[in-house]
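The values are calculated or read from the model by the stated rules, or taken from the named source; none is laboratory data. As the structure is a computational prediction, the values presented were derived from the model and not from experiment. Virtual Cβ from ideal backbone geometry, glycine too; neighbours counted across all protein chains shown. When the accessible area is computed, the model is the full protein with side chains, heavy atoms only, and any ligands, DNA or RNA have been set aside. Shrake-Rupley method; radii C 1.70, N 1.55, O 1.52, S 1.80 Å.
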Amino acid sequence: MWNNGAMDVRLDTSLELLLERAPLAQASRVLATVVATAGSTYRKPGARMLLMADGSYIGLLSGGCLESDLQIHAREVLDSGVARAVEYDTRGPDDILFGVGAGCEGTMRVLLEPAGPGSTAEAALAAVGRLTHAGETTSLIMVHNSQMRLGTYHGKDPAPAERARAYVEILAPPPHLLICGAAPDAQPVVSTARALGWRVSVVDHRPAYAVAARFPGADVRVANPKSLRDEVDLARCHAAVVMSHHLPSDEVYLRELAQAGVPAYVGLLGPKARRARLAKELGPLTETLRDRIRGPVGLDIGAITPEGIALSIVGQIHAWLAGRDYSEAVLTQAVT
């Protein structure tokens with residue numbers, strides 16, 4: 001979890017991606033969760049994957065070296081219906097005993113539990129997914145050493161009360177990106193952010209552009225730029241990118257964002273000359289955006305295609321959310 005100076009955010013969106021990619025069919029499956037590590041490991045506590053009854057899986061807990069062994073344990077969990085915890089020690093020559101040869105020089109404890117329809121694990125993950133999607137912070141409790149039932153519980157649900165070892169994971173909401181403008185080049189920005197498991201809202205005043213089918217997984221709205229603060233809860237957005245390609249609309253979007261005071265990151269698409277023209281139109285309001293605006297938006301990666309530009313934009317936002325510090329010329333350009 002990272003606090004970017006304005007609000008908490010979680011960049012590890014593996015939980016959301018797992019929920020999105022899990023099949024809807026009534027399939028038997030096992031949830032594998034890393035609950036403890038030491039030394040160098042591919043994933044850290046809280047990482048998850050689903051192992052399906054047909055041998056397929058969603059997600060990874062290693063670079064592929066532990067998954068085959070996990071499948072064997074998962075089959076036993078499916079057959080017995082009883083959760084268990086397994087441990088892997090990839091330090092030194094003992095690694096050969098496990099038949100994985102990972103050479104990662106670390107240890108990992110993994111909780112395996114039934115996660116099919118009606119299971120405690122499925123209910124816990126679904127409850128947490130709904131809350132984080134709504135921008136709430138919540139928690140999961142993974143009981144992995146106890147005389148009673150092992151498993152994953154939502155923080156608000158009763159877990160076993162006897163003495164037990166558990167990993168408690170506090171889950172801040174994933175990034176919420178607002179895109180002001182639904183022109184064609186907004187599509188790769190949205191798809192790149194969605195591939196990372198981010199929440200995305202898209203607003204445009206043009207019905208021909210603001211079509212939900214063009215932005216799978218995003219919340220798409222047709223709205224006048226002047227009503228931005230009424231249409232979107234800006235306080236729950238971590239970043240906004242203004243890219244309507246319509247100068248008057250971009251001016252209004254910036255004006256709305258300036259007056260709202262949030263989010264703390266505002267990206268502006270377009271060259272410096274366009275940025276300067278918008279600054280002149282905004283007048284004194286420009287000052288309220290000075291520490292928030294990035295324009296031209298995006299990291300200088302030599303992007304040429306819309307997809308490359310989308311990568312540079314989302315990459316810069318990701319870096320900013322993670323607290324990475326870049327040169328002033330790249331990260332703190334102001335609308336002046």
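Data overview
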{"item": "Breaking point among (1) loosely packed, with under 15 Cβ neighbours inside 10 Å; (2) under 23 Å from LEU321 (Cβ atoms), for VAL241", "result": "(1)"}
{"item": "Residue satisfying all of: in segment 189-223; of a type in the set (Gly, Ala, Ser), in a helix (DSSP H, G or I) and over 21 Å from ALA322 (Cα atoms); most open to solvent (accessible area, probe 1.4 Å) among these", "result": "ALA213"}
{"item": "Residues located in segment 112-153, provided they are open to solvent by 20 Å² or more (accessible area, probe 1.4 Å), charged (D, E, K, R) and within 21 Å of GLY81 (Cβ to Cβ)", "result": "GLU122, ARG149"}
{"item": "Members of segment 162-188 that are open to solvent by less than 20 Å² (accessible area, probe 1.4 Å) and either assigned to a loop (DSSP other than H, G, I, E, B) or among the polar types (S, T, N, Q) (or both)", "result": "ALA172, PRO173, PRO174, PRO175, GLY181, ALA182, ALA183"}
{"item": "Residue tally, condition farther than 15 Å from ALA121 by Cβ, of a type outside the set (Gly, Ala, Ser) and surrounded by fewer than 21 Cβ atoms within 10 Å (Cβ to Cβ), over segment 58-69", "result": "4"}
{"item": "All positions within segment 37-53 that are open to solvent by 30 Å² or more (accessible area, probe 1.4 Å), modelled with pLDDT of 85 or more and at negative phi", "result": "THR37, ALA38, ARG43, LYS44, PRO45, ALA53"}
{"item": "Enumeration of residues in segment 265-282 that are of a type in the set (A, V, I, L, M, F, W, C) and open to solvent by 30 Å² or more (accessible area, probe 1.4 Å)", "result": "LEU269, ALA273, ALA276"}
{"item": "First in segment 310-336 and within 19 Å of GLY181 (Cβ to Cβ) and at pLDDT below 95, second anywhere and surrounded by 15 or more Cβ atoms within 10 Å (Cβ to Cβ) and hydroxyl-bearing (Ser, Thr, Tyr), Cβ under 9 Å, 6 or more apart", "result": "VAL335/THR286"}
{"item": "Contacts under 6 angstrom Cβ, first residue in segment 259-278 being free of Cβ contacts under 8 Å to residues at least 40 places away in the same chain, partner basic (Lys, Arg) and open to solvent by 40 Å² or more (accessible area, probe 1.4 Å), 6 or more apart", "result": "ALA260/ARG229"}
{"item": "Tabulated pairs, segment 219-230, first modelled with pLDDT of 95 or more, second among the aliphatic types (A, V, I, L, M) and assigned to a loop (DSSP other than H, G, I, E, B), C-beta under 6 angstrom, 6+ apart or interchain", "result": "VAL220/ALA210; VAL222/ALA210"}
{"item": "Verdict on ALA322 being of a type in the set (A, V, I, L, M, F, W, C) and either under 16 Å from VAL242 (Cα atoms) or surrounded by 15 or more Cβ atoms within 10 Å (Cβ to Cβ) (or both)", "result": "no"}
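So that you can scan it fast, the table gives a plain yes or no per residue for (1) in a helix (DSSP H, G or I); (2) at negative phi; (3) among the polar types (S, T, N, Q):
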| position | (1), (2), (3) |
| --- | --- |
| ALA235 | yes, yes, no |
| VAL241 | no, yes, no |
| HIS245 | no, no, no |
| VAL252 | yes, yes, no |
| PRO263 | no, yes, no |
| GLY270 | no, no, no |
| ALA273 | yes, yes, no |
| LEU282 | yes, yes, no |
| GLU287 | yes, yes, no |
